[in-house]
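K.L.:
Sending over a structure as structure tokens; questions will come in a sec.
The values are calculated or read from the model by the stated rules, or taken from the named source; none is laboratory data. Predicted model only: the values in this text are computed from it and were never measured. So basically every Cβ, Gly included, is an ideal-geometry build from the backbone, and we count neighbours across all protein chains shown. Note: accessible area is taken over every heavy atom of the protein model, side chains too, but ligands, DNA and RNA are not part of it. Shrake-Rupley method; radii C 1.70, N 1.55, O 1.52, S 1.80 Å.
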Amino acid sequence: MAIVEREPIAEATLVETAAPSAAALRRPHATTGAWSWFTTIDHKKIGILYGATAFVFFIVGGLEALLIRLQLARPNGHVLSAEAYNQIFTMHGLTMIFLVVMPLSNGFANYIVPLQIGARDVAFPRLNAFGYWVFVIGGLFLYSSFLLGGAPNGGWFNYAPLSAHQFAPGHNIDFYVLGIQILGIASLTSAVNLIVTIINMRAPGMSFMRMPVFTWMTLVVNFLLLFAMPVIAVALVLLTFDRLFGTNFFNVSAGGDPLLWQHLFWLFGHPEVYILILPAMGVVSEVLPVFSRKPLFGYPFVVFSGIAIGFMGWGVWAHHMFAAGLGPVATSGFAISTMLIAVPTGVKIFNWLATIAGGSVRAKTPFLMAVGFVTMFVIGGLSGVTHSIVPADTQQTDTYYIVAHFHYVLFGGSMFGLFAGFYYWWPKVFGYSLNDRIGKVQFWLMLIGFNATFGPMHILGLQGMPRRIYRYAPGMGWSTWNFIETIGAFIIAFSVFLFIVNVWRSKRAQVAAGDDPWDARTLEWATSSPPPPYNFAEIPVVHSRDDLWRRKYVEDEDGKVMPVPPVASTEEDQEAGEVHVHMPSPSYFPLVAALGLPIIGYGLIYHLIWVDVIGLLVLLTGVYAWALEPPTEPEVEIEAHGEPDHPDGDGEPEPVPALTAGGTEGGSE
Amino acid sequence: MSALATSAATTRTHEATPHATSTGLSNVKLAVWAFLASECLLFGALISTYLLYRGRSIVGPYPHQIYDIPYTSVSSFVLLMSSLTMVLALAAVQRGDTRRMRVWLLATALLGMTFVGGQAYEFTSFVRQGLTLHTNLFGSSFFVLTGFHGAHVTIGIVMLLSLFGLSLRGKLGPENAETVELIGLYWHFVDVVWIVIFTVVYLIPS
Ligand code: HEM
Ligand SMILES: [Cu+2]
């Protein structure tokens, strides 16, 4: 799996004289137009692709949620059959976790992290594209199950032996084991890539303790992915072998251990929940200081508690198994470690509150979303702590109380945080802002809808309503709350619709945002909006944490913040010379290689060896062609004119820098 | 999947303007280390599964009935020797001694193939003695663990042969020493994992 690429970024002003490549296909050159999205290896475009694809899946997963809520709106619902219900709630969970929150976070990481650390791209641009394509294809593979006899129906944690062949004979679970495996490959490649990028490609002066918190949290998350993905991979391999080749790992009559899956799954699963929340915490840690016009309170504490969460997250997995009967010692140990992990989480909360306190707050949409994150996440965290108390949890587990908990952390937490990210970085990515008024309406609707949907679940859970039932009887006393929840779900759906309207209208209005619309603190705002393909004409040199802020403001003797007085001789800087930046060239092969994986998957499911062979050949073709083509096609060169800090007042979008092909136009031989 | 050299052309670019990384380590090297760290957990989970199921099979054949320790020791020795030839290959490429590098790369690949071939023979003889994937927990966990390792060795062999092929086309000079080094790193890693597996699976009695 080690795909070796050279550092793609050659130094500026390099004149290339090297021999052309001997690639079989003509190398794609276009960096604009529809087709260029299939071959792009620009981290920004890939970031947008991640975001857009994940948002489509968000809508699909949301529609599934509406189906669930319609079914449960009244007692004895008849929208879905029991089997359809199982498939829908399973796919809802898988979609939201693996196809929405993870890739959305990854989209932000892809786009923002290189800009925040002052790099021109990620360390391995083609590996980055490969990760994206594997993600899309893995998602489509998973969804193809609906057409091929039925989607996974064992819940997102898919407990074996219940999901073994004996009890789940259809292909449903086969799509689970292979689909999640494919998505795991996507996560693993992108984890390696982002770890190397953050550790190795920081601009001069960008020491670890000057790194923006979003970058920090991305680093922690990707280490978690690096170590959690192989664990779930093994669990999936064992179950795949049981189902397809008749091994006995989960065969209880042959002595198989029914707890093996649970341990492996949750050893992955708990780090996974931090994989889902830490990126949103990173976003919020960027947004709150900017909109409070204060540095993040206690930066080192926020960073170190993030790292602490990353470590402690490995020692709490069995709190998902309190009802499995692990014995008093193990149970108490995991109960205590679970209570302890709330401490670093609490530290962050207080830091965010202290950041807001005393600041000159501008309550724009990103800020509201971030505050929504903090408040809703506190509720979810507290219900988490109540789960850590074992006697209480034995009552709560497998009820709607758990459903309430993880929606407060995942929707109230992650999704609110990611929406804050949308509103915050939209002007950077597209050059125009989202409408703030619609944004605020969306925020309030989402907050109300969210609490109406998931708040009552606490009550229902404590009243004993089990999760994952497709019907309930009229006399249980659950009907009113369930009805309110369904209304809430439609309010959320409407708020998401408003977001889409907002995107559409803002795109039409094209109100130019300028390079630094929020008066922000970190480097991504030091380049143009949208940034040029090479991000920075000149790699910035970093002198402090919140470097951009320090370039803009100084403190006088009383600690009052004032703008840096303009320097007289900026004229010369403004006319910085022409910069030649060699960027890595687009490539087909990541996509080709990724296409091999689902083919192998279908071959395995239907026991067609020749299909597997074809898949393997496609994969190998992609990988070899990729390894043999040079990252940068020698004759393609992007010309940039370094114009630091020009005001973007006239509303004109940045012109796309011309692509010049030295030598024969487009010729690759 | 495979780790291959990029063409000489780009490497020259790279050499002409060494791009300073924040740590001084090259990106690829850091990536390979990260990847191997991840692999540790992959094998860790597989080995744990094997250990969990050790001695819990309900029907035979049981390990002590079919293991041929001397045979497996020899093939383990062969694999360990391949780490030595890998080191020699790297030293040769760093010296710019292309001929020796080819010899040692090929030797490493051949030793690896001997190991995998030996494993294939071992598997067939176990199957003939009645141990398959389905027989019992031992069969399942043994074949999956050692098979996974064998697959890793096979991927290593493919990468070594690819290096050999590149070198025949004149595309593997001293400036690509790092590529050889990194594939070597993977190769040594797979060897070390085998030492653990050999000890845990064959040597420690259940
Ligand atoms: C203060 C921190 C947290 C604590 C103490 C905590 C505690 C727990 C406990 C003990 C359970 C198991 C309950 C049971 O099944 O009986 C649980 C379930 C869960 N938690 Fe948390 N949690 C915390 C934060 C989070 C975060 C940040 C996320 C994700 C963003 C999360 C996602 C989940 C999910 C998805 C489940 C349900 C898994 C399932 O059964 O399907 N939790 N939590
Ligand atoms: Cu947990």
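K.L.:
Only counting protein heavy atoms at a 1.4 Å probe, give the residues of segment A:217-248, ordered by number, whose accessible area falls by 20 Å² or more when the other protein chains are present relative to the chain alone.
P.N.:
So the qualifying set is A:Leu226, A:Phe227, A:Pro230, A:Val231, A:Val234, A:Val237, A:Leu238, A:Phe241, A:Phe245, A:Gly246, A:Thr247, A:Asn248.
K.L.:
Among A:269-280, A:154-165, how do they line up by average Cβ neighbours within 10 Å per residue, starting with the highest?
P.N.:
So the order, starting with the most tightly packed, is A:269-280, A:154-165.
K.L.:
Return the tail of the calculated pair distribution for the protein assembly as shown, meaning the percent of Cα-Cα pairs more than 37 Å apart. Mind dumping the intermediate values first?
P.N.:
Numbers: 180744 of 382375 pairs.
In whole percent, the long-distance tail amounts to 47.
K.L.:
Could you sort A:Arg508, A:Arg74, A:Arg210, A:Arg126 by accessible area so the largest value comes first, with the probe set to 1.4 Å?
P.N.:
Heavy-atom accessible area, descending, gives A:Arg508, A:Arg74, A:Arg210, A:Arg126.
K.L.:
Separate question: Please calculate the 1.4 Å probe accessible area of A:Phe146, with all protein chains present, and give it to the nearest 10 Å².
P.N.:
Around 80 Å² of this residue is reachable by solvent.
K.L.:
With a probe of 1.4 Å, find how much accessible area the protein assembly as shown has per residue, and write the answer as a whole number in Å².
P.N.:
Values: 32770 Å² over 875 residues.
Computed with neighbouring chains in place, this is 37 Å² per residue.
K.L.:
Give the average, rounded to an integer, of partner chain Cβ atoms located within 10 angstrom of each Cβ in A:193-200.
P.N.:
Values: counts 3, 1, 6, 13, 3, 1, 7, 12.
Neighbouring Cβ atoms belonging to other protein chains average 6 per residue here.
K.L.:
Angle, helix A:589-605 long axis vs. longest principal axis of chain A, Cα atoms, 0 to 90°, nearest 10?
P.N.:
So the helix axis and the longest Cα principal axis differ by about 10 degrees.
K.L.:
Output the 0 to 90 degree angle, nearest 10, between the alpha-carbon long axis of helix A:328-356 and the longest principal axis computed from the alpha carbons of chain A.
P.N.:
40
K.L.:
How much of the calculated P(r) for segment B:20-203 lies past 26 Å, in percent of all Cα pairs? Could the numbers behind the result be given before it?
P.N.:
On the way: 6318 of 16836 pairs.
The answer is 38 percent, as a whole percent.
K.L.:
Quick one: what are the phi-derived ³J(HN,Hα) couplings along segment A:235-248, Karplus 6.51/-1.76/1.60 with θ = phi - 60°, whole Hz, x for glycine and proline?
P.N.:
4, 5, 4, 4, 5, 4, 5, 4, 6, 9, 10, x, 6, 10
K.L.:
Hey, another quick one. At a 1.4 Å probe radius, which order do A:Leu194, B:Leu88 fall into by accessible area, largest first?
P.N.:
Details: A:Leu194 5, B:Leu88 65 Å².
Solvent-accessible surface, decreasing: B:Leu88, A:Leu194.
K.L.:
How much of the accessible area of the protein assembly as shown, probe 1.4 Å, is carbon plus sulfur, in whole percent? Intermediate results must be reported in sequence, preceding the final value.
P.N.:
Values: 22600 of 32770 Å².
For the protein assembly as shown, the apolar C and S fraction of the accessible surface comes to 69 percent.
K.L.:
To continue, here is another question. When the solvent-accessible surface of protein heavy atoms is calculated with a 1.4 angstrom probe, in what order do B:Thr98, A:Thr40 fall, highest first?
P.N.:
B:Thr98, A:Thr40
K.L.:
Let me ask another. Ignore the peptide's own chain and count Cβ atoms of other chains within 10 Å of each Cβ in A:253-259; give me the average, rounded. Mind dumping the intermediate values first?
P.N.:
Details: counts 1, 11, 9, 6, 5, 0, 1.
For peptide A:253-259, the averaged partner shielding equals 5.
K.L.:
Moving on to the next point. Per-residue Cβ counts within 10 Å, from other chains only, averaged over B:132-138: what number is that? Present the calculation step by step, with values, prior to reporting the outcome.
P.N.:
On the way: counts 3, 6, 7, 4, 5, 8, 2.
What the average comes to for B:132-138 is 5.
K.L.:
Given 0.36 nm per residue, what is the gain on full extension from A:Phe146 to A:Trp314 after removing their alpha carbon distance, in nm? It would help to have the intermediate numbers written out before the result.
P.N.:
Details: separation 168, 0.36 × 168 = 60.48 nm, distance 3.44 nm.
Length gained between A:Phe146 and A:Trp314: 57.0 nm.
K.L.:
Right, next: Please name the residues of segment A:117-148 whose accessible area, counted over protein heavy atoms with a 1.4 angstrom probe, falls by no less than 20 Å² between the chain alone and the full protein assembly.
P.N.:
A:Phe124
K.L.:
Next up: Pick out the long, greasy-scoring helices in chain B: whole DSSP H runs spanning 20 Å or more along their own axis by Cα, mean Kyte-Doolittle at least 1.0.
P.N.:
Values: long enough: B:27-53 (40 Å, 1.40); B:69-95 (39 Å, 1.33); B:98-128 (44 Å, 0.43); B:137-168 (46 Å, 1.65); B:177-197 (30 Å, 1.37).
For chain B, where a helix must reach 20 Å along its axis and average at least 1.0, the hits are B:27-53, B:69-95, B:137-168, B:177-197.
K.L.:
Expressed as a rounded percentage, what relative contact order does segment A:289-369 have, with Cα pairs under 8 Å and six or more residues apart?
P.N.:
Contact order relative to length: 56 percent.
K.L.:
Quick query: amide H of A:Tyr553 versus all other amide H atoms, modeled in the peptide plane; which residues come in under 5 Å with a sequence gap of 5 or more or a different chain?
P.N.:
For A:Tyr553, whose amide H was placed from the backbone, the distant partners under 5 Å are A:Val564.
K.L.:
Distance from the Cα centre of segment A:173-195 to that of segment B:180-198, in angstrom?
P.N.:
After rounding, the separation between the Cα centres reads 24 Å.
K.L.:
Separate question: Taking a probe of 1.4 Å and counting only protein heavy atoms, give the total accessible area buried between chains B and A in Å², rounded to the nearest 100.
P.N.:
Working: alone 10810 and 27010 Å², together 32770 Å².
For B against A, buried area totals roughly 5000 Å².
K.L.:
Could you calculate the contour length gain from A:Asp556 to A:Ile609, that is, 0.36 nm times the residue separation minus the distance between their Cα atoms, to one decimal place in nm?
P.N.:
Values: separation 53, 0.36 × 53 = 19.08 nm, distance 7.35 nm.
Length difference between fully extended and current span is 11.7 nm.
K.L.:
For A:Thr399, list long-range residues whose amide hydrogen, built 1.01 Å from N in the peptide plane, is under 5 Å from its own amide hydrogen.
P.N.:
A:Arg467
K.L.:
Accessible surface of A:Thr621 in the full protein assembly, 1.4 angstrom probe, to the nearest 10 Å²?
P.N.:
Here the accessible area works out near 80 Å².
K.L.:
Let me ask something else about it. Mind grabbing the accessible area of A:Tyr553 for me, 1.4 Å probe, Å², rounded to tens?
P.N.:
Approximately 40 Å² for this residue.
K.L.:
Please report how far the C-alpha centroid of segment A:223-246 lies from that of segment A:535-561, rounded to the nearest whole angstrom.
P.N.:
46
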